[in-house]
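Undergrad: I have a structure here, written as structure tokens, and I will follow up with some questions on it.
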């Protein structure tokens with residue numbers, strides 16, 4: 001029986017998000033690596049699948065190709081309802097989406113590999129300047145995110161309840177990226193505790209960058 005194909009790169013935080021979601025939903029996928037620093041995502045064969053030349057992509061059994069991690073995760077949640085990745089209730093679902101989007105829409109777009117590379121090639125930024133850029137944009141979102149999580153009426157183990165969901169998926173992938181740039185997590189004890197709770201679970205451990213076949 002054929003499996004979906006996950007087009008991924010071990011260090012890509014968006015790919016990390018999708019790997020977690022696939023594991024939570026119990027979906028086995030064939031892993032196909034594209035080394036971003038070697039430009040493999042711009043090969044003609046991959047561009048034919050995903051004209052943006054980005055990872056992740058999920059190639060379904062019927063040949064349909066889905067792109068953009070958040071959209072693919074939403075597809076998984078719609079087609080495989082259990083376990084749900086969003087909490088019960090319209091308000092709580094909106095809050096969970098908002099927390100996930102704080103990372104996916106505020107931090108990641110300005111801190112992804114394409115942007116960091118262009119800071120060097122287009123503006124002459126050195127490694128220290130790039131790291132400072134990265135840490136600045138993390139702080140502008142992690143500070144309010146920490147406040148929102150600390151202010152929750154229910155102090156649950158995960159962002160919204162006793163099982164991980166969409167917000168946790170995005171949080172864990174971002175924290176992993178933060179380590180590469182020596183982001184000080186001391187100001188974010190609630191975020192750190194949620195991340196630690198997630199990383200105790202096998203589904204998160206198996207999705208981690210170091211556990212992927214293309215890890216370096």
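The values are calculated or read from the model by the stated rules, or taken from the named source; none is laboratory data. Treat the numbers as computed from the prediction; the structure is a model and nothing was measured. For neighbour counting, all protein chains shown are included, and Cβ atoms are generated from backbone atoms with ideal geometry for every residue, glycine included.
Undergrad: Output the residue which, of all residues in segment 161-189 that are in a loop (DSSP other than H, G, I, E, B) and in contact with a strand residue (DSSP E or B) (Cβ under 9 Å, 6 or more places away or on another chain), is nearest to residue 204 (Cα to Cα).
TA: The selected residue is 164.
Undergrad: Turning to a different aspect of this structure: Does residue 2 satisfy the condition of being outside any strand (DSSP E or B), in contact with a strand residue (DSSP E or B) (Cβ under 8 Å, 6 or more places away or on another chain) and either farther than 17 Å from residue 208 by Cβ or not assigned by TED's automatic domain parsing to the domain that holds residue 168 (or both)? Explain how you work it out, then say what you get.
TA: Working: outside any strand (DSSP E or B): yes; in contact with a strand residue (DSSP E or B) (Cβ under 8 Å, 6 or more places away or on another chain): no; either farther than 17 Å from residue 208 by Cβ or not assigned by TED's automatic domain parsing to the domain that holds residue 168 (or both): yes.
Here the answer is no, as residue 2 does not meet what is asked.
Undergrad: Just the residues that are part of a loop (DSSP other than H, G, I, E, B) and surrounded by 13 or more Cβ atoms within 10 Å (Cβ to Cβ), please, taken from segment 84-124. Please lay out each step first, then the result.
TA: First, pick out the residues of segment 84-124 that are part of a loop (DSSP other than H, G, I, E, B): 84-89, 112, 124.
Selection gives 84, 85, 86, 87, 112.
Undergrad: Tell me yes or no: at least one residue of segment 199-215 is more than 26 Å from residue 33 (Cα to Cα) and either part of a helix (DSSP H, G or I) or outside the structural domain of residue 30 (by TED's automatic domain parsing) (or both).
TA: The answer is no, given that none of the residues of segment 199-215 is more than 26 Å from residue 33 (Cα to Cα) and either part of a helix (DSSP H, G or I) or outside the structural domain of residue 30 (by TED's automatic domain parsing) (or both).
Undergrad: Next up: Tally up the residues in segment 136-160 that are outside any helix (DSSP H, G or I) and either under 21 Å from the mean Cα position of the chain (by Cα) or surrounded by 12 or more Cβ atoms within 10 Å (Cβ to Cβ) (or both), please.
TA: Qualifying residue count, segment 136-160: 6.
Undergrad: Let me ask something additional. Please specify each residue of segment 40-73 satisfying the condition of being touching a strand residue (DSSP E or B) at 6+ places or on another chain (Cβ under 6 Å) and surrounded by fewer than 18 Cβ atoms within 10 Å (Cβ to Cβ).
TA: Selection gives 49, 65, 67.
Undergrad: Taking the conditions exactly as written (over 21 Å from residue 203 (Cβ atoms), assigned to a loop (DSSP other than H, G, I, E, B) and out of contact with any helix residue (DSSP H, G or I) (no Cβ under 6 Å at 6 or more places or on another chain)), does residue 63 satisfy them or not?
TA: Values: over 21 Å from residue 203 (Cβ atoms): yes; assigned to a loop (DSSP other than H, G, I, E, B): yes; out of contact with any helix residue (DSSP H, G or I) (no Cβ under 6 Å at 6 or more places or on another chain): yes.
In short, yes.
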